[in-house]
Amino acid sequence: MYSNQLKHICNNIDDTELLAQKFADAVKNTGCFVCLFGDVGAGKTAFSKFICKHLNVKEKVTSPSFVILNEYKSGDIPVYHFDLYRLENEGINTIINELDEYSEGKILTLVEWAEFSQNNIPFDRIDININYIDENKREFIFNAEGTKSTDILNRLKI
């Protein structure tokens, strides 16, 4: 049976890394477009770093908060890591058209602060909501939008 949603609790940073490793394994042969949601400190960048680590990215993975986009091409697949937090409405409208280009092919696109997209990301994707429970514990809710993303979610063994 196909599922469009998965929920998982990570009790500590090691659990979070293990979840990221499983996610990296699920996307490394196909690529995926991922929207990351969560409050400041929820773990969006930490989860992204762990995914990159398990895709064998050699570059130092940093938050794209001030540069909007970091590109990592040394791993198993290219990774494009966006942060929409600092963009104004006009900037968001400009980048949405560009984001569409990052939704195709065998690449991984990670978009932090996707809520600033004003729900203008209609293409096949996985939305990951990261909820802060306490200093160490996080709840991850994965929602698939589209056939490719649903297939990936069904390969994710958590």
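The residue list N70, T16, V40 was ranked by how far each Cα lies along the charge dipole of region 1-110 toward its positive end, using unit charges on Cβ atoms, and T16 comes out on top. Overall, the chain carries a charge dipole of about 600 debye about its Cα centre when +1 sits on the Cβ of Lys and Arg and -1 on the Cβ of Asp and Glu, all other atoms neutral.
Packing, taken as the mean count of other beta carbons within 10 Å per residue, orders the peptides 137-143, 80-86 from highest to lowest as 80-86, 137-143. Only lysines eight or more places from K137 in sequence, or on another chain, were considered; those with a Cα closer than 24 Å are K7, K22, K44, K49, K53, K157. Where only DSSP H runs of four or more residues are counted, the chain gives -9500 deg cm²/dmol as its mean residue ellipticity at 222 nm, each run worth -39500 (n - 2.57). Projecting the Cα atoms of V27, L99, T147 onto the charge dipole of region 5-153 (Cβ charges, centred on the Cα centre) puts V27 farthest toward the positive pole. As a length-normalised measure over Cα pairs under 8 Å and 6 or more apart, the relative contact order of the chain settles at 36 percent.
Quick note: the coordinates plus some simple rules give every number you see, no bench work behind them. Keep in mind that what you see is a predicted model, and the values were worked out from it rather than measured. All Cβ positions, glycine included, derive from the backbone under ideal geometry; neighbour counts span all protein chains shown.
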